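Worksheet: the structure to be examined is printed underneath.
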Amino acid sequence: MVHEWTETVFQHSSFLSSLTSFLPLSSGNSENLGIVSIATHPWPTDIGHAWTLSRDRTLRFWKVKIGCVASKVLPSGLESGSPSSGSKYNGRHNVLLDTSAQTLLRVFTTPVREEHIYVVIFIPTISSSSSGGTFHVVDTVLDQLYEVGRIESPEETAHCHLQDFMVAGNTIWALWDRQGQSIVGKTLMNVERFHEGFRADAWTMSCYALEPELTPAYLEEHLLSPGSMTEKFFEAVMRPGMFSPLTLRTAIDQYIDVCLSMPGPRPPQLMAAYATTGEQIAAVVGCTVTLHRDIHTGAYQHANYWSALKRDWEGFIARCREIERSARRPLSLGFQDKGELMILERERAGLLVKEDLAIWLRRLLGLSSPIADPQYELLAILWYLRGSLGPQVLQDLESRMMDILRQEISFTIPEILKDQSDRLNFRQEMDSQANQWISAKLHSLENLDTATRTALDVIGGFNVEVKREEDEVELLLPPPHSNWSQALITTYISKTVDARYELALVLLMMLLFLSEDISDWDPALLAEIFAVFRGIAMLRYVSRQPVLAASEIPASLGLSAADDVVSRMRNMNVSLSSKTLLSPHYSVIHRLVGQSDGTDILPDAAHRYLDASGLLQSIDPGNATQYEVIYCDNLRLLGLYGTSMELLSWLPRTPGVSYVQARLWLNMGRVDDAATTFEKLAGSFGKPVLALGF
């Protein structure tokens, strides 16, 4: 039987009577006396005391053999809710805390003043528009409670719920629930000088990197790009990191249940068995939508069909978003072995890491926050240029840039940009005032060439690592990445690649905007901009491609006959329901990171991978570097033929690219195409190459 803990104050004659203070009482005002939080000193410690907080904000100090020895009523600060009827304290209405158990207390000590035990108490102010609550620091000394000071929560926490907080040394870490999203706050306390006067530093807030949310507005913009509507919806749903496997499984199960409850014949897709959740979603969503004829003319009603199919997919995506919002609800904080802060959510776990320069700039630009460093002023101007263009223009611009990358460049880059600017009516699509403002700001820059090269360094540059002795040992005996660290590195790579891609795209917008004036620009600089954009676009494409988890890879890809049998028996899921065995949806990057060695520390590990890929080292879009060719061939060796084929289409037809293309056709069974290409390449690799192994 589970009871709520309540408390009352009275004198104890024995240890047994002190414990009865925590048992339910049949008398007294239990509404005010209910315990909402309890804390002890963290382990290891020999301090056996306990501190409790009641609904009426009364902090009590308990000893095991004595009971309650001290209490202190904490002020409510800003009003935190409507007063409870019939509840009074000191002749006035008292705002009671919520009845549910909460993490509102933390106990800590400091080596400087070992005889003092400090308690941090959080009092929420839910209705306040300026703060989420107040942290009170109370000193416990000589069985008395003395308030040391208060720390007001930052304005970003207004109307947020404190889910958990920790005290580590001089630092308070707080985890907030902001409409289902996790945000972490950090502030430093001057513990060593508490006796001289309390002081706390300003809060530092952290949140997840900006990521697209599949809102109706985003989906409408997504549909502006070329391609099938169903394919684009499916690609958005299955994009790695967008929805968890459990979210997709739950959403498709609910979708099927609704379809089965509808009257009429059941589509066969609802009753079929599928190997993966992705296959089931692709086959089932929209299966109830049929193409009808007009009863008067007999013509097919294609418009009604596509509208109904679109609504069906939008409804399924909305269901996924609702489930995922619940899955990402923050739960608690913790620390890894290396002292890194972990954020635990219902179905996810995260790590607080430092953002690199590209992610930092992208976050500030997205929030329209001013950038103090003048060397990045160009990016702020170009972000305003991006905002002045409509969604259709942005999609057309991005599609045309991708088409240029897939074609052999036969003209100069200024000629290509002038032609594309005329086709897009680039300046005509902009407001005249915005046009004039952007032109004036660009011309006001002290050196546009230097500013452009600085922006290129942000997109294609990486942090310089300082080698340590441990790194030299790792080079000799590189430890394998754990599944946890591999997933973290993959996620960080995806975030920084997305940020760099958007920064590279606005650079191309600048070239189109200045297409009339760039004929005298340095040709090497223009070529480098296109080459870097190609490299970051290739990385972005790879990071968005889902790949089967290791348990779902077909046994034919390298398993022996015995392993094949074992794998098939395991995948039959005889003893367990298949709904309980959900494999994560990984990115292709996840497979590639697993092949790399080195540190697991972020962002160094992500930058080391990006640097080793070599895709951002090219300086000429008319040439394919050795690194780009090896990268595509590595995808082929992993059996990712579709991804490798797509990346090869972005590279010029050099002998190395053509050789990998022929090997890829050979793997795909297109023997005639491969043989023709090999014949053309017979004399392309010089005398040292006597034979080519297949």
Say the cut-off is 19 Å between C-alpha atoms; which of K441/K495; K186/K495; K186/K354 go over it? K441/K495; K186/K495
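Among residues other than H481 whose Cβ falls under 9 Å from its Cβ, what is the net charge (Lys/Arg +1, Asp/Glu -1)? It would help to have the intermediate numbers written out before the result.
On the way: positive: none; negative: D597, D600.
Net charge around H481: -2.
At 1.4 Å probe size, with every protein chain present, just tell me what the per residue accessible area of the stretch 152-230 comes to in Å². List each step's numbers first, then the result.
On the way: 3980 Å² over 79 residues.
So the stretch 152-230 comes to 50 Å² accessible per residue, rounded to a whole number.
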List the aspartates and glutamates whose alpha-carbon lies under 17 Å from that of K65, not counting same-chain residues fewer than 8 positions away? E7, D46, D143
Span from the the stretch 401-429 Cα centroid across to the the stretch 211-260 one, whole angstrom: 32
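What number comes out for the charge environment of V458, summing +1 per Lys or Arg and -1 per Asp or Glu over other residues with Cβ under 12 Å away? Could the numbers behind the result be given before it?
On the way: positive: R362, R453, R500; negative: D356, D373, D457, E502.
With Lys, Arg at +1 and Asp, Glu at -1, the net is -1.
Gain in length, V69 to S596, computed as 0.36 nm per residue apart minus the alpha-carbon separation, to one decimal in nm?
Working: separation 527, 0.36 × 527 = 189.72 nm, distance 5.90 nm.
Once the chain is fully extended between V69 and S596, it gains 183.8 nm.
For S519 and E235, what is the calculated FRET efficiency with R₀ set at 41 Å and r taken between the beta-carbons, to the nearest 0.05?
Working: r = 39 Å, r/R0 = 0.94.
Efficiency, rounded to the nearest 0.05: 0.60.
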Reachable aspartates and glutamates from K310, Cα under 13 Å, same-chain residues fewer than 8 places away excluded? E220, E231
Averaging over every viewing direction, what projected area does the convex hull of the Cα atoms of the stretch 171-235 cover, in nm²? 6.6
Env charge @ T215, Cβ radius under 11 Å, K,R +1 / D,E -1, value -3
Kindly report, to the nearest 10 Å², the accessible surface of T412 as traced by a 1.4 Å probe over protein heavy atoms only. 70
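Taking a 1.4 Å probe, which of F165, F411, F462 shows the most accessible area, and what order do the others take after it? Let's see the in-between values first.
Working: F165 0, F411 140, F462 55 Å².
Descending accessible area places them as F411, F462, F165.
Compute the FRET efficiency between L445 and D403 as 1/(1 + (r/R0)^6), taking r as their Cβ-Cβ distance and R0 = 25 Å, and round to the nearest 0.05.
Numbers: r = 30 Å, r/R0 = 1.21.
Taking R0 as 25 Å, the efficiency between L445 and D403 is 0.25.
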Given backbone amide H placed at 1.01 Å from N, residues whose amide H is under 5 Å from that of F165, ignoring those fewer than 5 places away on the same chain, are L175
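The values are calculated or read from the model by the stated rules, or taken from the named source; none is laboratory data. No experiment lies behind these values; they were computed from the predicted model shown. Cβ: placed from backbone, ideal geometry, glycine included. Neighbour counts: every protein chain shown. Surface areas here come from the heavy atoms of the whole protein model, side chains and all, with no ligands, DNA or RNA. Shrake-Rupley method; radii C 1.70, N 1.55, O 1.52, S 1.80 Å.
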